[in-house]
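Have a look at the structure below before the remarks.
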Amino acid sequence: MIELPGGVRLYPSGSERGGSITYLRSRRGESARLSGFSDHLLLLINLQGNVQIRRGGHHVEVGAEEVSFVATTRQDIEISFNGGAQRRILIEVERGRLGTFLKQRKQVLESGLARWLEGDGYGLGPTPPRKLSRFDLEGIEYLIRPPITENCLELWYHGKMIEMLTHYVFSFGQRPRNKTAGAISQDQRIPEVMLWLRQHFHEDITLDRLASVVGCSSTYLSRQFKKETGNTISAFLRRVRMEQAAEYLKRGTHNVTEAAYDVGYSSLGQFSNA
């Protein structure tokens, strides 16, 4: 499996299983040169910062909230990280694993990917970056903050790896279908707010923004939330952030400062006083 600077292996936790998911946090100017991985496909989902991927004479610049993939050959692959804060997901899978999974489905693949799977030394990519939608980003954040108990993580991540490959590689260039959101009924507003806060706790959240999400006034929302839950919105958000920070520290993916910033606090002092 490939090792990169600042990488935390999310899957698998133990023995090799033909693929992996790694969470990368990197400093400006760090780079990695990958070689000898002639049977791997690498999917890079870039959340923050800028990345350059180079294979031979082919290279692309992948900006924040963009995705690209490359199928490795005997040519070295160089990945350079540029910019300030850096966050990204790297999914790596062996060609043999993909070949088994796609044995009866090769006819639906893009021609270059199908040729690479045949194993004739043909390389693919790096592909032109594709912009991630808000729908995509919310799903990807779950890879870092899995909504599942620890004893089920291996199976959950295995399914997510297949889902991400299907969405970004096998169907590369296609867009997810949009769903038209209906109006939120009055009795669903507070459950919807609680769910939204659990999904967006790491963002800068205001009462006015929450009210616009569920289609009511901020005064009504604040009063109704307290009535139905017994807590203020700020107290509930603080609890969600603390629970997630504790999970980061338990899993070893973050130190205290990183946990504070990634759950939505602008400083360590603000985190300590929460």
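We did not get these values from a lab; they are worked out from the coordinates using the rules stated. Because the structure is predicted, anything quoted here is derived from the model rather than measured. Here Cβ is always computed from backbone atoms with ideal geometry, including for glycine, and neighbour counts include all displayed protein chains.
Here the label points at GLU243 and ARG145, each 7 Å from Cα along the C-beta direction, are separated by 1.1 nm in the simple model.
With a cut-off of 11 Å between beta carbons, the residues surrounding ASN231 carry a summed charge of +3, where Lys and Arg count +1 and Asp and Glu -1. Sorted ascending by nearby beta carbons within 10 Å, beginning with the fewest, MET164, MET242, MET194 become MET242, MET194, MET164. Using 1/(1 + (r/R0)^6) with R0 = 35 angstrom and r between the beta carbons of PHE135 and SER272, what's the FRET efficiency to the nearest 0.05? It comes out at approximately 0.50. Length gained on full extension, VAL8 to PHE101, computed as 0.36 nm times the residue gap minus the Cα-Cα distance: 30.9 nm.
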